[in-house]
Amino acid sequence: MELDELLKKFKEYSSQDTTVLEYAWNYSSEAHQGQKRASGEMYFVHCAAVAEILVDYKMDQETVAAGLLHDVLEDTKIPHETFRKEFGEEVYELVAGVTKIETLKFSSRDEAQAENWRKMLLATAKDIRVIVIKLADRLHNMRTLNFLTREKQLEISHETLSLYAPLAQRLGIFQLKSQLEDLSFKYLHPDEYQSLLTKVQLRYAMREKLLEDFKVSVEGHLGGTQIPHRVLSRAKNLYSIYRKMLRQQKPFEEIQDALGVRIITDTVINCYALLGTVHSVFKPVAGSFTDYIAVPKMNLYQSLHTSVMAASGEIIEIQIRTEEMHRTSEYGIAAHWRYKLGEKGADHHLDEKLNWLRQWMEWLQDLSSPREFIESFKTDLELDQIFIFTPKGDVKPLPVDATPLDFAFAIHTDIGNTCIGAKVNNKMARLDVPLKSGDICEIITRKNSAPKKDWLASVKTAGARSHIRKYLREHGMIQD
Ligand code: MN
């Protein structure tokens with residue numbers, strides 16, 4: 001990648017002046033002069049590649065500049081003060097955020113990993129762009145992993161798969177998540193990866209016809225309605241197929257892997273109109289419809305999901321969404337940074353939508369042991385959510401296996417603290433029994449009642465755990 005290519009790609013989506021970008025390019029190239037990567041390439045090639053990934057995700061100029069400069073503070077002798085004066089507060093903070101994550105030293109690896117993650121998330125609470133840079137850095141490192149020793153490859157792939165990929169998923173950057181997963185999979189299980197790759201390519205080639213038939217049927221029924229739409233087939237990432245094989249303990253040939261189709265249109269109303277059309281042409285599979293437009297996932301994901309039966313008897317999984325929802329589902333939170341700059345169609349509700357992230361960071365900050373931190377982090381990152389209703393019909397999304405206690409704290413800290421029992425679907429239930437999606441949960445409280453120590457074992461969410469700990473600590477019931 002050359003500078004003029006980068007500038008050209010950047011200008012396709014941004015009207016920001018590119019002086020800083022050009023300066024960062026030359027500055028970084030000079031600062032890393034003489035340094036080489038394991039591949040034998042000049043070190044700066046890595047910096048330029050990270051910047052290119054950030055441009056692919058349409059990040060703003062400060063982020064792309066920080067991508068070019070992300071290793072300067074760590075790998076060269078340039079003092080922080082000098083750097084801050086050169087590039088100003090914003091770019092400096094981004095690079096310093098990335099650097100902080102890199103340079104922490106710890107006694108054990110587990111502790112180091114947990115502490116690294118905690119630092120990273122705290123940095124993110126201030127500016128989420130730090131994480132997007134970090135993810136781009138990791139993606140390029142994964143792409144060039146073949147130059148490292150086998151031992152290093154395994155170590156880095158493992159970390160990528162267990163922490164970076166779920167983080168990308170939680171931030172809703174699915175494109176990046178899939179790439180990180182498949183690259184890790186390739187190094188962790190090379191034989192399985194190769195054989196699955198061949199089989200999947202063959203299966204998808206055979207499905208072209210099915211997709212074509214589906215498009216023709218939908219077109220035919222839309223006829224004169226003039227609802228703008230495009231139909232895309234959806235390739236699943238290899239690692240998610242592999243995980244399904246392990247879970248179901250079946251070979252690829254026996255895995256029911258439905259054809260995935262996306263229909264993209266202009267407005268929310270047309271999403272529902274298209275859903276109606278699809279259901280009138282094809283028989284829907286009972287229980288497969290989920291409305292993530294009315295109730296979005298926590299990572300901002302929105303779409304209508306349904307499965308239908310094709311004439312051939314094959315199941316087709318369909319997602320219907322607007323162009324804007326599509327962008328969010330591919331780029332996640334990264335997609336929204338552009339708007340924050342007020343370039344095009346600013347999203348005023350975004351800050352509100354991102355509140356869960358800040359809240360979540362605060363809870364995580366409260367957890368003291370590295371192990372507990374990693375545990376909560378992994379649980380809360382899980383995309384699979386259940387939706388629990390209050391008797392009044394309000395809905396709270398919670399992770400799978402969340403309990404009435406989690407629900408109580410999700411409603412309000414006071415409700416959680418004074419909780420003494422719960423009714424699930426009108427029947428008395430234990431506070432530690434896992435809830436199921438769609439359950440109606442009523443929390444019973446008593447004034448002056450208080451959290452108990454064994455509650456810590458009954459909750460799944462970082463939020464509930466943090467509130468219980470806080471209470472126990474303040475009342476001298478636990479030490480840390
Ligand atoms: Mn780097």
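The values are calculated or read from the model by the stated rules, or taken from the named source; none is laboratory data. The structure displayed is predicted, hence computed values, not measured ones. No Cβ is skipped: glycine too gets one built from the backbone with ideal geometry, and neighbour counts run over all protein chains shown. Just so you know, the surface numbers come from the protein's heavy atoms only, side chains and all, with ligands and any DNA or RNA stripped out. Shrake-Rupley method; radii C 1.70, N 1.55, O 1.52, S 1.80 Å.
The table below gives the values:
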{"read-out": "Spin-label proximity, residue 401 to the range 447-470 - amide N less than 20 Å from point 7 Å beyond Cα toward beta carbon", "value": "454-469"}
{"read-out": "For residue 386, distant residues with modelled amide H under 5 Å away", "value": "398, 400"}
{"read-out": "Added length on full extension, which subtracts the Cα-Cα distance from 0.36 nm per residue, residue 387 to residue 215", "value": "58.6 nm"}
{"read-out": "Stretchable slack from residue 450 to residue 192, in nm (0.36 nm times residue separation minus alpha-carbon distance)", "value": "87.7 nm"}
{"read-out": "Nearest-0.05 FRET efficiency for residue 425 and residue 315, computed from C-beta distance (R0 30 Å)", "value": "0.50"}
{"read-out": "Karplus (6.51, -1.76, 1.60) ³J(HN,Hα), θ = phi - 60°, over the range 23-32, in Hz, Gly and Pro reported as x", "value": "5, 4, 4, 5, 4, 5, 4, 6, 4, 8"}
{"read-out": "Per residue value of the accessible surface for the range 384-474 (all protein chains in place, 1.4 Å probe), Å²", "value": "52 Å²"}
{"read-out": "At R0 = 45 Å, FRET efficiency that the Cβ-Cβ distance of residue 39 and residue 226 yields, to 0.05", "value": "0.30"}
{"read-out": "Rounded, prolate or oblate (a/c below 1.5 giving rounded, otherwise prolate when a/b exceeds b/c) for the range 40-90 by Cα gyration tensor", "value": "oblate"}
{"read-out": "Accessible surface of the range 190-331 [probe 1.4 Å, protein heavy atoms]: carbon and sulfur percent", "value": "55 percent"}
{"read-out": "For the range 190-331: accessible area per residue (Å², 1.4 Å)", "value": "52 Å²"}
{"read-out": "Shape parameters for the range 384-474, alpha-carbon atoms, Rg then Dmax in Å", "value": "11.9, 35"}
{"read-out": "Of all accessible heavy-atom area on the range 384-474, the percent that carbon and sulfur account for (1.4 Å)", "value": "50 percent"}
{"read-out": "Residues residue 285 and residue 433, FRET efficiency given R0 of 25 Å [Cβ-Cβ distance, rounded to 0.05]", "value": "0.30"}
{"read-out": "Highest-first arrangement of 212-220, 263-271, where packing means the average Cβ count within 10 Å", "value": "263-271, 212-220"}
{"read-out": "Full-extension gain in nm, residue 199 to residue 305, via 0.36 nm per residue minus C-alpha separation", "value": "35.5 nm"}
